[in-house]
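Visitor: Next up is a structure, given as C-alpha coordinates.
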Amino acid sequence: MPRRATPTDVPAIAQLWRALLDLHAAIDPAHRLRAAADDTLAAEARRALGDASAALWVAGASAGVVGFCLARHEAAPRHAVETGRVLVTELFVAASARRRGVGRALVAAALEWARERGAARVEVRVAARNAEGQAFWRAQGFGDFVDVLDRRL
(Lines give C-alpha, C1' and ligand atoms only; values in the text may rest on other atoms or scores of the structure.)
Protein backbone atom coordinates (compact mmCIF):
# COMPACT_ATOMS: atom_id res chain seq x y z
CA MET A 1 0.00 0.00 0.00
CA PRO A 2 1.39 3.43 -0.86
CA ARG A 3 2.21 5.98 1.78
CA ARG A 4 3.21 9.62 1.63
CA ALA A 5 6.95 9.96 1.19
CA THR A 6 9.19 11.33 3.92
CA PRO A 7 12.66 12.87 3.74
CA THR A 8 14.22 9.48 4.50
CA ASP A 9 12.71 8.17 1.23
CA VAL A 10 14.51 10.76 -0.93
CA PRO A 11 17.54 8.60 -1.86
CA ALA A 12 15.31 5.72 -2.95
CA ILE A 13 13.01 8.08 -4.87
CA ALA A 14 15.98 9.64 -6.66
CA GLN A 15 17.25 6.20 -7.63
CA LEU A 16 13.85 5.14 -9.00
CA TRP A 17 13.43 8.49 -10.74
CA ARG A 18 16.80 7.97 -12.42
CA ALA A 19 15.67 4.52 -13.60
CA LEU A 20 12.49 6.09 -15.02
CA LEU A 21 14.44 8.73 -16.91
CA ASP A 22 16.96 6.17 -18.17
CA LEU A 23 14.02 4.16 -19.52
CA HIS A 24 12.73 7.26 -21.29
CA ALA A 25 16.19 8.03 -22.68
CA ALA A 26 16.33 4.53 -24.17
CA ILE A 27 13.02 5.24 -25.92
CA ASP A 28 14.02 8.69 -27.16
CA PRO A 29 17.39 10.46 -26.79
CA ALA A 30 15.61 13.77 -26.09
CA HIS A 31 15.24 12.45 -22.52
CA ARG A 32 18.98 11.98 -21.90
CA LEU A 33 20.24 13.20 -18.55
CA ARG A 34 23.03 15.54 -17.56
CA ALA A 35 25.93 14.25 -15.50
CA ALA A 36 24.64 15.85 -12.25
CA ALA A 37 21.11 14.48 -12.68
CA ASP A 38 21.17 12.31 -9.56
CA ASP A 39 21.74 15.33 -7.27
CA THR A 40 19.07 17.29 -9.12
CA LEU A 41 16.53 14.48 -8.77
CA ALA A 42 17.10 14.25 -5.03
CA ALA A 43 16.70 18.02 -4.74
CA GLU A 44 13.46 17.88 -6.75
CA ALA A 45 12.10 15.16 -4.47
CA ARG A 46 12.96 17.20 -1.37
CA ARG A 47 11.33 20.27 -2.93
CA ALA A 48 8.15 18.29 -3.68
CA LEU A 49 7.97 17.18 -0.04
CA GLY A 50 7.78 20.83 1.03
CA ASP A 51 5.38 21.97 -1.69
CA ALA A 52 1.73 22.27 -0.59
CA SER A 53 0.59 21.89 -4.21
CA ALA A 54 2.45 18.59 -4.67
CA ALA A 55 2.16 15.10 -3.26
CA LEU A 56 4.74 12.36 -3.35
CA TRP A 57 4.00 8.74 -2.53
CA VAL A 58 6.15 5.66 -2.24
CA ALA A 59 5.28 2.00 -2.27
CA GLY A 60 7.52 -0.53 -0.68
CA ALA A 61 8.14 -4.04 0.32
CA SER A 62 10.49 -5.65 2.80
CA ALA A 63 13.27 -4.99 0.27
CA GLY A 64 12.63 -1.23 0.37
CA VAL A 65 10.90 1.33 -1.82
CA VAL A 66 9.89 -0.19 -5.17
CA GLY A 67 7.74 2.58 -6.64
CA PHE A 68 6.93 6.26 -6.43
CA CYS A 69 4.40 8.74 -7.75
CA LEU A 70 4.59 12.53 -7.89
CA ALA A 71 1.50 14.64 -8.55
CA ARG A 72 0.99 18.38 -8.67
CA HIS A 73 -2.18 20.43 -8.33
CA GLU A 74 -2.24 23.18 -10.92
CA ALA A 75 -4.66 26.08 -11.18
CA ALA A 76 -6.44 26.35 -14.51
CA PRO A 77 -6.21 29.52 -16.57
CA ARG A 78 -8.51 32.23 -15.18
CA HIS A 79 -10.64 32.18 -18.33
CA ALA A 80 -11.40 28.43 -18.03
CA VAL A 81 -14.49 26.95 -16.39
CA GLU A 82 -12.24 24.30 -14.88
CA THR A 83 -10.67 25.65 -11.69
CA GLY A 84 -7.77 23.26 -11.48
CA ARG A 85 -6.36 19.91 -12.41
CA VAL A 86 -3.86 17.46 -11.06
CA LEU A 87 -0.89 16.39 -13.13
CA VAL A 88 0.77 13.08 -12.38
CA THR A 89 4.24 14.10 -13.42
CA GLU A 90 6.12 10.95 -12.43
CA LEU A 91 5.19 7.33 -11.80
CA PHE A 92 7.59 4.43 -11.74
CA VAL A 93 7.67 0.91 -10.38
CA ALA A 94 10.87 -1.14 -10.35
CA ALA A 95 10.82 -3.97 -12.88
CA SER A 96 11.04 -6.55 -10.08
CA ALA A 97 7.77 -5.28 -8.54
CA ARG A 98 5.67 -4.80 -11.68
CA ARG A 99 2.39 -6.57 -12.37
CA ARG A 100 1.62 -6.81 -8.65
CA GLY A 101 -0.71 -3.81 -8.31
CA VAL A 102 1.91 -1.33 -7.10
CA GLY A 103 1.36 1.09 -9.98
CA ARG A 104 -2.42 0.84 -9.67
CA ALA A 105 -2.21 1.55 -5.95
CA LEU A 106 -0.01 4.60 -6.52
CA VAL A 107 -2.44 5.91 -9.15
CA ALA A 108 -5.37 5.32 -6.77
CA ALA A 109 -3.58 7.42 -4.12
CA ALA A 110 -3.05 10.24 -6.64
CA LEU A 111 -6.69 10.10 -7.78
CA GLU A 112 -7.94 10.27 -4.20
CA TRP A 113 -5.65 13.23 -3.48
CA ALA A 114 -6.98 14.95 -6.62
CA ARG A 115 -10.58 14.43 -5.44
CA GLU A 116 -9.72 15.81 -2.01
CA ARG A 117 -8.31 18.93 -3.68
CA GLY A 118 -11.46 19.40 -5.77
CA ALA A 119 -9.85 18.64 -9.12
CA ALA A 120 -12.27 17.62 -11.86
CA ARG A 121 -9.65 15.69 -13.80
CA VAL A 122 -6.15 14.25 -13.70
CA GLU A 123 -3.65 14.50 -16.54
CA VAL A 124 -0.64 12.38 -17.29
CA ARG A 125 1.87 12.70 -20.10
CA VAL A 126 3.17 9.48 -21.60
CA ALA A 127 5.77 9.26 -24.33
CA ALA A 128 4.16 8.21 -27.59
CA ARG A 129 6.82 5.51 -28.04
CA ASN A 130 6.33 4.11 -24.53
CA ALA A 131 3.95 1.27 -25.39
CA GLU A 132 4.04 -0.24 -21.89
CA GLY A 133 3.30 3.12 -20.27
CA GLN A 134 0.53 3.87 -22.74
CA ALA A 135 -1.11 0.50 -22.02
CA PHE A 136 -0.80 0.98 -18.25
CA TRP A 137 -2.42 4.41 -18.21
CA ARG A 138 -5.21 3.38 -20.57
CA ALA A 139 -5.93 0.41 -18.29
CA GLN A 140 -6.34 2.95 -15.45
CA GLY A 141 -9.07 4.73 -17.43
CA PHE A 142 -6.99 7.52 -18.99
CA GLY A 143 -7.55 8.42 -22.63
CA ASP A 144 -6.43 10.78 -25.35
CA PHE A 145 -6.74 14.46 -24.55
CA VAL A 146 -4.06 16.54 -26.30
CA ASP A 147 -1.43 15.50 -28.81
CA VAL A 148 1.95 17.11 -28.20
CA LEU A 149 3.90 17.42 -31.41
CA ASP A 150 7.55 18.29 -31.64
CA ARG A 151 10.03 19.16 -34.34
CA ARG A 152 13.66 18.36 -33.78
CA LEU A 153 16.12 21.03 -34.87
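Visitor: Give the residue that is farthest from Ala26 (Cα to Cα), with candidates limited to residues of region 120-149 that are free of Cβ contacts under 8 Å to residues at least 60 places away in the same chain and charged (D, E, K, R).
Guide: To start, the set of residues in region 120-149 that are free of Cβ contacts under 8 Å to residues at least 60 places away in the same chain comprises 120-126, 128, 131-149.
Filter again for charged (D, E, K, R), leaving 121, 123, 125, 132, 138, 144, 147.
On the way: Arg121: 30, Glu123: 24, Arg125: 17, Glu132: 13, Arg138: 22, Asp144: 24, Asp147: 21 Å.
This residue is Arg121.
Visitor: Determine, yes or no, whether Ala52 is aliphatic (A, V, I, L, M) and farther than 22 Å from Val124 by Cβ.
Guide: Numbers: aliphatic (A, V, I, L, M): yes; farther than 22 Å from Val124 by Cβ: no.
Judged against the criteria, Ala52 is not a match.
Visitor: Related question: Being exposed (fewer than 14 other Cβ atoms within 10 Å of the Cβ) and either touching a Ser or Thr at 6+ places or on another chain (Cβ under 6 Å) or free of Cβ contacts under 8 Å to residues at least 60 places away in the same chain (or both) is the filter; apply it to region 1-10 and report the residue that is nearest to Ala54 (Cα to Cα).
Guide: First pass over region 1-10, keeping only residues exposed (fewer than 14 other Cβ atoms within 10 Å of the Cβ): 1, 3-4, 6-8.
Checking which are either touching a Ser or Thr at 6+ places or on another chain (Cβ under 6 Å) or free of Cβ contacts under 8 Å to residues at least 60 places away in the same chain (or both) leaves us with 3-4, 6-8.
Working: Arg3: 14, Arg4: 11, Thr6: 13, Pro7: 14, Thr8: 17 Å.
Going through the qualifying residues, I end up with Arg4.
Visitor: Quick one: is Leu106 within 24 Å of Ala42 (Cα to Cα), in a strand (DSSP E or B) and within 12 Å of the chain's Cα centre (by Cα)?
Guide: Criteria not met by Leu106.
Visitor: Within region 71-84, is even one residue of a type in the set (A, V, I, L, M, F, W, C), in contact with a Leu (Cβ under 7 Å, 6 or more places away or on another chain) and within 24 Å of Glu132 (Cα to Cα)? Can you show your working first?
Guide: To start, the set of residues in region 71-84 that are of a type in the set (A, V, I, L, M, F, W, C) comprises 71, 75-76, 80-81.
Then keep just the ones that are in contact with a Leu (Cβ under 7 Å, 6 or more places away or on another chain); that gives 71.
With the extra rule that they be within 24 Å of Glu132 (Cα to Cα), the set shrinks to 71.
Yes, region 71-84 has at least one match.
Visitor: Now for a separate question. Being part of a strand (DSSP E or B) and free of Cβ contacts under 8 Å to residues at least 24 places away in the same chain is the filter; apply it to region 73-88 and report the residue that is farthest from Ala12 (Cα to Cα). Can you show your working first?
Guide: First pass over region 73-88, keeping only residues part of a strand (DSSP E or B): 73-75, 84-88.
After this cut, where a residue has to be free of Cβ contacts under 8 Å to residues at least 24 places away in the same chain as well, the list is 74-75.
Numbers: Glu74: 26, Ala75: 30 Å.
Applying the filter and picking the extreme gives Ala75.
Residues are listed down the side, and each one gets a yes or a no for (1) over 15 Å from Thr6 (Cα atoms); (2) at pLDDT below 95; (3) not hydrophobic (A, V, I, L, M, F, W, C):
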| residue | (1), (2), (3) |
| --- | --- |
| Ala35 | yes, yes, no |
| Arg47 | no, no, yes |
| Ala80 | yes, yes, no |
| Val86 | yes, no, no |
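Visitor: Of these, Ala76, Ala95, which one is in contact with a Lys or Arg (Cβ under 9 Å, 6 or more places away or on another chain), over 17 Å from Ala5 (Cβ atoms) and surrounded by fewer than 20 Cβ atoms within 10 Å (Cβ to Cβ)?
Guide: Ala76
The values are calculated or read from the model by the stated rules, or taken from the named source; none is laboratory data. Note that the structure is predicted; figures quoted are calculated from it, not measured. No Cβ is skipped: glycine too gets one built from the backbone with ideal geometry, and neighbour counts run over all protein chains shown.
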